[in-house]
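Structure record follows, encoded as structure tokens.
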């Protein structure tokens, strides 16, 4: 007995295959859109944290002294403030605030794409430029406890910078 197939026998599986293909295509688009939204969201949160850091700098401009080469370090007001244990603690707390900001961003931001300058590149460059200019940040990151306090993404980027930085920069 020979089985004959009619159009209706082909139509059901064909419609199912087309529906599966469209479903797959839409899921890929949805995943890409969700990833872009998540990346944008982490950058917006980073900007909010940066605004918080800027508020502290406006409230107490002496905190710019976290950067070794900032002109505030040459002022008598900074020199006097640096004698105070309370101010030194405030400066150290500000350094930790900055490192915490970088940690949040670097832990969640996507890996930079080659050939394209993305927000991830900017945040990584900002971190390395800040570390280069701040012996206080470097001292915190060099402390043995930093491995227990900071996430691997931040420490890995610092180690990468340290391997590439001139020895004179690291020692200061």
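The values are calculated or read from the model by the stated rules, or taken from the named source; none is laboratory data. Every value quoted in this text rests on a predicted model; they were computed, and no experiment measured them. Cβ sites come from the backbone with ideal geometry, for glycine too, and all protein chains shown count toward neighbours.
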### Criterion (in a helix (DSSP H, G or I) and in contact with a helix residue (DSSP H, G or I) (Cβ under 8 Å, 6 or more places away or on another chain)) met by exactly one of 11, 17, 50
50
### Query
Among the listed residues 93, 129, which satisfies the condition of being assigned to a helix (DSSP H, G or I), surrounded by fewer than 16 Cβ atoms within 10 Å (Cβ to Cβ), modelled with pLDDT of 90 or more and over 15 Å from the mean Cα position of the chain (by Cα)?
93
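So that you can scan it fast, the table gives a plain yes or no per residue for (1) free of Cβ contacts under 8 Å to residues at least 24 places away in the same chain; (2) more than 20 Å from residue 46 (Cβ to Cβ); (3) touching a helix residue (DSSP H, G or I) at 6+ places or on another chain (Cβ under 6 Å):
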site: 97; (1), (2), (3): no, no, no
site: 111; (1), (2), (3): yes, no, no
site: 121; (1), (2), (3): yes, no, no
site: 128; (1), (2), (3): no, no, yes
## Note on the structure
Residue count, segment 59-83, condition free of Cβ contacts under 8 Å to residues at least 40 places away in the same chain and part of a helix (DSSP H, G or I), comes to 17
### Message
The conditions are (1) modelled with pLDDT of 85 or more; (2) within 30 Å of residue 121 (Cβ to Cβ); (3) in contact with a helix residue (DSSP H, G or I) (Cβ under 7 Å, 6 or more places away or on another chain), and residue 78 fails exactly one of them. Which is it?
### Response
(2)
### Query
From the list 56, 34, which residue is free of Cβ contacts under 8 Å to residues at least 40 places away in the same chain, under 25 Å from the mean Cα position of the chain (by Cα) and surrounded by 10 or more Cβ atoms within 10 Å (Cβ to Cβ)?
34
### Query
Inside segment 40-51, can you point out the residues that are closer than 29 Å to residue 82 by Cα and touching a residue at least 24 places away in the same chain (Cβ under 8 Å)?
49, 50
### Query
Would it be correct to say that residue 106 is assigned to a helix (DSSP H, G or I), surrounded by 13 or more Cβ atoms within 10 Å (Cβ to Cβ), touching a helix residue (DSSP H, G or I) at 6+ places or on another chain (Cβ under 8 Å) and modelled with pLDDT under 90?
yes
